[in-house]
Amino acid sequence: MQEQTGRLVCRDVGKVYSTGTVALSKVNIDIPTKGIFALIGRNGAGKTTLVRILATELMSSSGTALINGADVIKDPKKVREFIAVVPQESRLLMWTTPRQMIVAYLLYRGFSYVNAKNRAAEVLKTVNIGKYADVQSQHLSGGTKRKALIATVLASEASMLFLDEPTTGLDPISRAELWNLLNKLKKDHFIFLTTHYLEEAERLADQIGIIENGKLLNIGTLDELRAHVKYDFSLTIFDNKARIKPRAGRIVTGLDGNRQILTTQKEANRIAKELIRKGTRFSTSPVSLEQIFYFIVKRSINEETEEKDEW
Amino acid sequence: MKGRSIGSQLFASVLINAIYPMQNFPIMLVNSLLGPFAFLIVINFVSHGALLGVAIEGAFVMTMVSSGLALQGDLAHLKNDMKFQDMIVSSPTSAFIYIFGMAASELLYFLPNFILLSILLILFVPLTSLAAFTVVTVMVIMFIFSISLSFLLSTISVDVIQSWAFTGLVSTLLSTIPPVYYPITYIPLPWQYIAYISPTTYAAQIAQAAAGFITITPLNFALDWIVLVGASIAMVLIAIKKVRWREP
């Protein structure tokens with residue numbers, strides 16, 4: 001494989017656990033290592049397994065992976081020089097404060113104690129948790145703990161951060177604060193993010209990968225993913241009695257149980273006028289990542305079960 | 001970053017696993033003191049002071065074993081509950097430096113114990129220089145054995161409950177079965193054979209013989225050394241071979 005600087009390249013990466021469980025199957029990725037890449041998928045889809053392989057925590061069973069030209073499988077030492085990871089369900093050590101946690105982590109990365117202390121003070125301000133710097137972590141909120149963990153890896157010299165479901169379990173305000181932080185960080189870091197919050201991927205990611213049952217189904221920008229769905233607009237109708245027949249597109253039952261019409265922008269405008277005239281409550285928007293995700297995953301399941309695609 | 005400091009990486013483990021916990025939860029220090037001392041006091045009372053010297057030596061050996069075994073629980077907790085080890089695996093710190101730093105942190109954690117026991121040893125156990133050197137060597141070997149075993153078990157364990165089971169099992173093998181606080185002759189003969197399963201028995205026997213508390217033949221003394229050193233080398237080699245830093 002040719003050395004590729006500035007790219008993350010996976011070729012046929014597979015993982016079969018000793019129990020026989022196939023966690024990943026021939027995953028192929030080729031993306032630039034800048035901005036945010038969000039890997040979305042259901043629980044157990046293989047997100048964490050892929051992150052752990054790329055973060056050199058777990059051996060793959062097959063395939064090759066290069067990050068900025070460094071071989072993840074054969075030369076993990078080189079990769080570890082420029083990556084840092086916040087693992088899924090990782091926690092701030094209960095017996096430390098955010099400052100102590102950051103200082104210790106930086107020492108592990110080879111900083112001197114003085115440099116580590118200075119860098120910790122700097123990053124705590126950047127992440128806006130300076131006032132909690134010396135509070136023992138057991139007294140911190142979930143959101144502050146998460147920010148402190150991100151501050152820990154951010155303080156390092158790593159240019160590439162792997163964040164495995166960093167916002168799981170956070171309240172909407174803490175989540176929004178973290179999104180703002182990640183948006184700032186992506187200017188000078190590459191962030192490999194996994195999430196099952198599709199809104200998070202939609203808001204943050206420059207590139208999105210959809211993984212299901214160990215297979216990477218699609219990868220691309222939101223617009224590129226949208227192109228996989230035949231219709232690019234959706235209308236959600238909140239009145240089940242309303243009778244609407246689209247001239248183009250199809251009616252499906254959405255994830256929320258409401259009827260949705262997937263159609264073209266032009267037809268959506270026409271139907272919208274008709275619904276307004278009838279006084280029917282509805283909403284309209286471009287097809288969301290949630291709908292694209294649902295479509296792509298459903299299509300994959302249907303292909304496996306040989307069922308007809310209802311979208 | 002060029003020229004990473006190994007000293008910094010070692011110090012990080014000492015901070016994480018000894019200094020920060022002691023600073024924030026001082027009660028942990030009391031706990032570390034109680035274990036080996038409790039048994040020493042009991043043996044001293046029961047023997048009306050006759051076994052005080054042996055029991056002090058035994059407490060020393062047990063402190064070494066306990067500090068090594070404590071590593072298993074600490075590492076398993078950091079790996080399974082906090083996912084902290086994963087953060088370190090993905091960093092430039094090697095497995096060897098991580099474990100070495102963690103082992104050093106356990107020694108620091110048990111330092112008050114060592115200081116108190118050293119004072120008692122000087123006061124109540126008349127040791128020649130050679131005997132003192134023998135006792136220290138035995139303790140270092142036992143520590144190497146127990147940290148190797150601990151690291152091996154911590155990387156295998158997937159849950160803290162499992163790690164508690166490992167700790168219980170290993171504690172029985174290394175600290176309950178062997179006659180550390182009293183001579184092996186206090187155990188009825190058929191049971192002595194069970195005590196010889198544990199390397200701690202050989203360590204205690206060497207220390208007791210070196211201090212003159214028991215008399216053993218030169219051949220038995222040599223055999224004790226061979227078994228103790230052999231078991232420790234075997235455990236280090238098994239740990240190196242089987243240890244899982246990056247998971248397979």
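Of all residues in the range B:70-94, which are more than 16 Å from A:THR152 (Cα to Cα) and open to solvent by 20 Å² or more (accessible area, probe 1.4 Å)?
Those that are more than 16 Å from A:THR152 (Cα to Cα) and open to solvent by 20 Å² or more (accessible area, probe 1.4 Å): B:ALA70, B:GLY73, B:ASP74, B:HIS77, B:LYS79, B:ASN80, B:ASP81, B:SER94.
Give me a count of the residues in the range B:81-117 that are more than 10 Å from chain A (Cβ to nearest Cβ) and in contact (Cβ under 8 Å) with a residue 24 or more places away in the chain.
Number of matching residues: 17.
Going through the range A:32-59 one residue at a time, which ones are at the interface with chain B (Cβ under 10 Å from one of its Cβ atoms) and at positive phi?
Within the range A:32-59, A:THR56 is the sole residue that qualifies.
Please find, among A:THR126, A:THR97, the residue that is surrounded by 16 or more Cβ atoms within 10 Å (Cβ to Cβ), in contact with a helix residue (DSSP H, G or I) (Cβ under 9 Å, 6 or more places away or on another chain) and either modelled with pLDDT under 95 or at the interface with chain B (Cβ under 9 Å from one of its Cβ atoms) (or both). Step through it out loud before you land on a result.
Values: A:THR126 fails: surrounded by 16 or more Cβ atoms within 10 Å (Cβ to Cβ).
Within the list A:THR126, A:THR97, the selection yields A:THR97.
Looking only at the range A:129-151, filter to residues that are open to solvent by 50 Å² or more (accessible area, probe 1.4 Å) and free of Cβ contacts under 8 Å to residues at least 24 places away in the same chain; which one of those is nearest to the other protein chains (Cβ to nearest Cβ)?
Of the residues in the range A:129-151, the ones open to solvent by 50 Å² or more (accessible area, probe 1.4 Å) are A:131-132, A:134, A:138-139, A:141, A:145.
Narrowing the set further to residues that are free of Cβ contacts under 8 Å to residues at least 24 places away in the same chain leaves A:131, A:139.
Working: A:LYS131: 19, A:HIS139: 11 Å.
Here the answer is A:HIS139.
Here are some conditions: (1) in a loop (DSSP other than H, G, I, E, B); (2) open to solvent by 60 Å² or more (accessible area, probe 1.4 Å); (3) modelled with pLDDT of 80 or more. A:THR280 meets all but one. Which one does it not meet?
With respect to (1) in a loop (DSSP other than H, G, I, E, B); (2) open to solvent by 60 Å² or more (accessible area, probe 1.4 Å); (3) modelled with pLDDT of 80 or more, A:THR280 is out only on (2).
Could you list all residues from the range B:189-221 that are over 20 Å from B:PHE133 (Cα atoms), in a helix (DSSP H, G or I) and open to solvent by less than 10 Å² (accessible area, probe 1.4 Å)?
Residue satisfying the conditions is B:ALA195 alone.
Suppose we filter the range B:127-166 for residues that are free of Cβ contacts under 8 Å to residues at least 12 places away in the same chain and more than 25 Å from B:SER198 (Cα to Cα); how many remain?
Residues meeting the conditions: 2.
Applying the selection to the range A:88-114, what residues are of a type in the set (A, V, I, L, M, F, W, C) and within 18 Å of B:LYS79 (Cα to Cα)?
At the first step, the residues of the range A:88-114 found to be of a type in the set (A, V, I, L, M, F, W, C) are A:92-95, A:101-104, A:106-107, A:111, A:114.
Correct list: A:LEU92, A:LEU93, A:MET94, A:TRP95, A:MET101, A:ILE102, A:ALA104.
Name the residue, out of B:VAL46, B:VAL30, that is open to solvent by 40 Å² or more (accessible area, probe 1.4 Å), under 27 Å from B:LEU149 (Cβ atoms) and away from chain A (no Cβ under 14 Å).
Going through B:VAL46, B:VAL30 in turn, the sole match is B:VAL30.
The values are calculated or read from the model by the stated rules, or taken from the named source; none is laboratory data. As the structure is a computational prediction, the values presented were derived from the model and not from experiment. Reconstructed Cβ throughout: ideal geometry from the backbone, glycine too, with neighbour counts over all protein chains shown. For accessibility, only protein heavy atoms count, side chains too; no ligands or nucleic acids. Shrake-Rupley method; radii C 1.70, N 1.55, O 1.52, S 1.80 Å.
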